[in-house]
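Reading through the structure tokens given below for one structure.
The values are calculated or read from the model by the stated rules, or taken from the named source; none is laboratory data. The model shown is predicted, which means the values in this text are computed figures rather than measured ones. Every residue, glycine among them, receives a Cβ derived from its backbone with ideal geometry; neighbour counts consider all protein chains shown.
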Amino acid sequence: MGLFIAFIPTIPAQMLLSAVCAIWLRVNLPIAIAAWWMTNPFTAVWIYFMEYRLGRALLGNLPSVFAINDLENIGAIRRLFSHANYVWTGGLIVGAVAALIGYIVMQLAWQLLSRS
């Protein structure tokens, strides 16, 4: 769960989201909070860029769901929001895959450690 949140573009609120979701879903709180450290100020730019590329490859040149038609004179904000759907699409996919891999690895590790 923490890995999923780490890879979706919610960087200012990741710890809070991880904690709330961990309590709500009754998963391990310290591990959920620690997992979001996958994205930190040093890695977030590269991770979000990779997710943007993935989202762009999957969606092609679809019109943005975040298009701001009323603010045509504000070019930078419009460009930022027009690319948000690519980052969110890539982030949801990468987050889901990372969470699944993390879950499988933790289950295998738990089984191996419990046999000892």
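Details
- Count of the range 4-22 residues which are hydrophobic (A, V, I, L, M, F, W, C) and surrounded by 23 or more Cβ atoms within 10 Å (Cβ to Cβ): 4
- Qualifying residue in the range 83-106 (condition: of a type outside the set (Lys, Arg), modelled with pLDDT under 90, surrounded by 10 or more Cβ atoms within 10 Å (Cβ to Cβ) and in a loop (DSSP other than H, G, I, E, B)): yes
- All of THR10, THR39 fail the test of being modelled with pLDDT of 80 or more and under 11 Å from the mean Cα position of the chain (by Cα), apart from THR10.
- Residues that are touching a helix residue (DSSP H, G or I) at 6+ places or on another chain (Cβ under 6 Å), under 18 Å from ALA98 (Cβ atoms) and part of a helix (DSSP H, G or I), drawn from the range 20-39: ALA22, ALA32, ILE33, ALA35, TRP36, MET38
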